[in-house]
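Engineer: I have a structure here, written as structure tokens, and I will follow up with some questions on it.
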Amino acid sequence: MNAYRVARRALAGLGLAVGLATTALAQQPAAPAGAAATLDAIRARGTLICGVNTGLAGFAQPDSQGVWRGFDVDYCRAYALAIFNDPNKVRLVPTTAQNRFTALQSGEVDVLSRNTTWTLSRDTSLGFDFAAINFFDGQGFMVKTSAGVRTARDLDGATICVQPGTTTEQNLTDWARAARVRFTPVVIERLEEVVQAFIAGRCDAYTTDVSGLAAIRSAQSNPRDYTILPDVISKEPLAPLVRQGDQRFADLIRWVHFGLVGAEELGITAANVEQQAQGNQNPEVQRMLGRSGDLGRMLSVDNAWLLNVIRGVGNYAEIFERNLVPIGIQRGPNALWNAGGLQYSPPFR
């Protein structure tokens with residue numbers, strides 16, 4: 001075969017490869033309309049819109065002055081600090097267990113920071129990306145102390161209050177089947193109503209994440225009247241989530257969490273962050289706080305983004321201790337990896 005024929009065959013093969021590649025690209029699912037412009041839209045609007053709970057002590061709840069406080073609320077403010085260097089440039093939108101996903105899908109909110117469990121089906125079928133697990137939780141049960149119930153198996157034949165449209169509902173059914181425990185569900189949509197049903201005695205037990213149980217118990221006039229059983233029947237990794245199709249925005253939400261955790265590990269606090277930025281010669285600290293490198297620009301924000309976040313809301317420990325320790329929630333699995341917990345930040349480099 002002469003050189004001319006060899007060249008023609010090579011070119012034909014190249015054309016076939018290009019055609020196949022073009023066909024493959026055409027078959028890829030398109031990103032949601034406008035998804036890649038989330039950060040640009042937030043800046044143009046001048047405000048981040050953050051979905052939170054309708055009211056859960058320690059996580060998202062207005063205080064006596066109407067100011068929203070809580071673990072999830074502080075994360076919303078941290079995102080605003082990373083983008084605008086202003087914790088007030090965030091609008092909080094209360095969402096229920098039923099409408100939270102619709103609010104995110106429709107663009108009503110930019111990010112959902114609302115005790116939401118990361119599951120495979122939610123990660124793949126709803127058009128969302130979970131950023132990073134900021135709270136490791138598990139499902140439990142709360143009963144009235146006067147009932148004398150000691151373990152979840154003592155609930156055989158009981159009525160149990162539960163919210164629909166949650167992983168809690170499915171976990172309860174799965175656990176009862178495996179444990180051969182019979183129960184009658186009392187399904188009520190709104191959090192405030194399901195809690196009141198339990199308090200009023202319409203059900204023998206209430207089930208949700210242990211953190212939620214602790215929050216609800218702390219809000220009662222006499223918390224000792226209620227007991228959280230020792231049984232934990234599931235893994236509930238809670239994480240903020242965003243719409244798929246905008247990796248840039250997802251990266252920013254993810255690294256805000258890692259920055260909070262990394263700052264705790266390195267001893268960087270709201271009180272000393274300025275001093276750390278000026279005087280700590282640890283190369284990672286210098287990169288984290290924007291004194292060297294361009295890590296902020298890689299996230300499409302100012303290089304001092306994390307310095308601004310820590311100065312405004314503190315590190316992970318400060319957020320946790322300010323909001324969750326007062327309602328009886330201890331670090332447990334949410335301690336740092338070097339203190340026996342699961343919280344761990346990838347390197348800032």
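Engineer: Just to be sure I understand the rule: take each whole DSSP H helix in the chain, project its Cα atoms onto its long axis, keep it if the span is 24 Å or more and its mean Kyte-Doolittle hydropathy is at least -1.0. Which ones pass?
Structural biologist: Membrane-span-like by this criterion, though nothing is claimed about a membrane: 3-27, 247-265.
Engineer: Please get the size of the charge dipole for the range 115-183, origin at its Cα centre, with Cβ charges of +1 on Lys and Arg and -1 on Asp and Glu, quoted in debye to the nearest 20.
Structural biologist: 380
Engineer: Per residue, how many Å² of accessible area does the chain show with a 1.4 Å probe?
Structural biologist: Value for the chain: 47 Å² per residue.
Engineer: Further, regarding this structure: Calculate, in nm to one decimal, what Arg153 and Ala37 gain on full extension: separation in residues at 0.36 nm each, minus their alpha carbon distance.
Structural biologist: Net length gain for the segment: 36.7 nm.
Engineer: Could you pull the Rg and Dmax for the range 191-265, using just the Cα atoms, both in Å?
Structural biologist: Rg, Dmax (Cα atoms, Å): 17.7, 48.
Engineer: With runs of 4+ DSSP H residues as the only contributors, calculate the mean residue ellipticity of the chain at 222 nm using -39,500 (n - 2.57) per run, divided by the residue total and rounded to the nearest 500.
Structural biologist: -12000 deg cm²/dmol
Engineer: Using only Cα atoms, locate the centre of the range 104-129 and the centre of the range 36-95, then give the distance between them in Å, rounded to an integer.
Structural biologist: 16
Engineer: Describe numerically, in nm with one decimal, the distance between label points set 7 Å from Cα along Cα→Cβ at Glu321 and at Arg297.
Structural biologist: In this crude label model, Glu321 to Arg297 measures out at 3.6 nm.
Engineer: What is the percent carbon and sulfur in the accessible area of the chain, measuring with a 1.4 Å probe over the protein chains and ignoring ligands?
Structural biologist: 51
Engineer: Same structure, new question: Provide the percentage of antiparallel DSSP beta bridges, counting only those with both residues in the chain; round to the nearest 5.
Structural biologist: Among the beta bridges of the chain, antiparallel pairing accounts for roughly 55 percent.
Engineer: Pull out a ≥ b ≥ c, the square roots of the eigenvalues of the alpha-carbon gyration tensor of the range 235-346, then state rounded if a/c is under 1.5, prolate if not and a/b is larger than b/c, and oblate in the remaining case.
Structural biologist: Note, shape of the range 235-346 comes out oblate.
Engineer: So how do Arg77, Arg287, Arg190, Arg114 rank on accessible area, 1.4 Å probe, biggest first, that is with the largest at the start?
Structural biologist: Arg190, Arg287, Arg77, Arg114
Engineer: For the range 79-164, what D do you get in µm² per second when you plug the Kirkwood radius from alpha-carbon pairs into Stokes-Einstein at 10 °C and 1.306 mPa s?
Structural biologist: 96
Engineer: Further question on the same structure: Normalised radius of gyration for the range 169-299, please: alpha carbon Rg relative to 2.2 N^0.38 Å, two decimal places.
Structural biologist: 1.59
Engineer: If contacts are Cα pairs under 8 angstrom and at least 6 residues apart, what is the relative contact order of the chain in percent?
Structural biologist: Result for the chain is 21 percent.
Engineer: Leaving ligands, DNA and RNA out of it, rank Asp86, Asp110, Asp204 by accessible area with a 1.4 Å probe, largest first.
Structural biologist: Asp204, Asp86, Asp110
Engineer: Please give the charge dipole size of the range 180-305, origin at the Cα centre, charges +1 on K and R Cβ atoms and -1 on D and E Cβ atoms. Round to the nearest 20 debye.
Structural biologist: Using only the charged Cβ atoms, the result is roughly 260 debye.
The values are calculated or read from the model by the stated rules, or taken from the named source; none is laboratory data. Here the structure is a predicted model, which means the values were calculated and not measured. Every residue, glycine as well, gets a Cβ built from its backbone with ideal geometry; the counts of neighbours run over all protein chains shown. Areas reflect the complete protein model, heavy atoms only, side chains present, ligands, DNA and RNA absent. Shrake-Rupley method; radii C 1.70, N 1.55, O 1.52, S 1.80 Å.
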